[in-house]
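Peer 1: Below you will find the structure I want to go over with you.
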Amino acid sequence: MTTASPPAVVVLPDAGPLITLAYADALDLLLKPGWPLQIVDMVLHEVTRNATPTSEKIGQWVERQSTPIVATRAYQHYRAAQVSGVTPPNKANLGEIAIQEAMHELALTSPATTGVFLFEDHKIARASFLLPVNCRKISTRAWLLFLEDKGWIASATEVERSAIAQGRNFSRLRFPP
């Protein structure tokens, strides 16, 4: 009798979780479950394009981890507009569009793989953020509670407090409830 191997899982963080975990000096928590991590190109651009308290830290961490960057059409269009001197598309929602694009590509090319989308933005919690059936959206707080429940971190609250103490305006969103 053969035992089925556990389903493949890939973690795709949005900008908010990256920023919060960088404030808490806890980016490595994205790797705790041992699942592959991928960063969407537009999200990486969002968190590194301007000098912020976390931009360099995130960029260097992604590079040190040799984190695969998921290329998206959303980012390609954004860059092409910048290069050609055309006003780029409104970047306010491009990260979310790029994440959705990456998740839909995952659903089409690797339907047995579960995409875990980490977010912190209230607008993503809306039902209008369409997810394929093999993808899950989880807030930063829920991720931290998951890690605590598994015994991989001592306290989700301490990570949150650390981020807040370092200046992060951490989302009060609780999802899933």
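Just so it is clear, none of the values below were taken in a lab; they were calculated from the coordinates. Please read these numbers as outputs of a predicted model, since none were measured by experiment. As a convention, Cβ positions derive from the backbone with ideal geometry for all residues, glycine included, and neighbour counts pool all protein chains shown.
Peer 1: Run the reach check for K57 against aspartates and glutamates, Cα to Cα strictly under 14 Å, same-chain hits fewer than 8 apart removed. What comes back?
Peer 2: Excluding near neighbours in sequence, the set is D25, D28, E46.
Peer 1: Calculate log10 I(q)/I(0) of the stretch 1-85 for q = 0.18 Å⁻¹, where I(q) comes from the Debye formula with a single equal point scatterer on each Cα and nothing for solvent.
Peer 2: -0.80
Peer 1: While we're on this one: Given +1 on the Cβ of Lys and Arg, -1 on the Cβ of Asp and Glu, and no further charges, what dipole in debye does the stretch 9-165 carry about its Cα centre, rounded to the nearest 20?
Peer 2: Its charge dipole is roughly 240 debye.
Peer 1: Tell me, in nm to one decimal, what length is gained between R64 and E105 on full extension, where the rule is 0.36 nm per residue of separation less the Cα-Cα distance?
Peer 2: 12.2 nm
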